[in-house]
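Here is the structure we will look at, set down as structure tokens.
All of the numbers you see were taken from the coordinates with simple rules; none came from a lab. Note that this is a predicted model, so its numbers are computed, not measured. Backbone-built Cβ (ideal geometry, glycine too); neighbour counts: all protein chains shown.
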Amino acid sequence: MTAMNEEVQRFYDAIPDDRRPLFDRVRALIESVYPEAEVKLSYGVPTFKVKSGWVALGYWKNGVSLYTNGPHHLWRFIREHPDIKTGKGSINFRMTDDIPEESLTRVIRHAMDGLKEAT
């Protein structure tokens, strides 16, 4: 189980009910792959850190976003899932998106392992 501080707990408690299932699903995926990750609030969102890398998880009006430190973590995901909204280093899931767990896990591993090359 990931370590949690009061700031992170307040963030979790404030997640709107309509986004909670999607947020919790992505959060559970991160925690299942990196149960040892330390979770702290960074730039206003929970950030899961291990020695070599990180991912962050936030929510927005229409969904939930997974943030990484660069687009090289997302290139394969973008090719495989062009209908899912992405930003420079983020995946912005809409409430209506199907979550491709295998592809998302690959993104999480790539970012958390601190890989520099695109896959």
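With Cα atoms defining each centre, the range 10-75 and the range 97-119 are spaced 13 Å apart in the structure.
Between Asn62 and Lys85, residue separation times 0.36 nm minus the direct Cα-Cα distance comes to 7.2 nm.
Of the trypsin sites (Lys or Arg not before Pro) found in the range 54-119, those in coil by DSSP whose Cβ has at most 12 other Cβ atoms within 10 Å are Lys61, Lys88, Lys116. Distance between the 7 Å Cα→Cβ label points at Lys116 and Trp75: 1.4 nm. Do any GluC sites (Glu not before Pro) in the range 1-94 lie in a DSSP loop with no more than 16 other beta carbon atoms within 10 Å, and if so, which? When the GluC sites (Glu not before Pro) of the range 1-94 are filtered for loop state and at most 16 Cβ neighbours within 10 Å, Glu36 remain. First check a/c for the chain, with a ≥ b ≥ c the square roots of the eigenvalues of its C-alpha gyration tensor; if it is under 1.5, answer rounded, and if not, answer prolate when a/b is larger than b/c or oblate otherwise. Cα axes put the chain in the oblate bin.
The length gained on full extension between Thr96 and Asp24, counted as 0.36 nm times the residue separation minus their Cα-Cα distance, comes to 24.4 nm.
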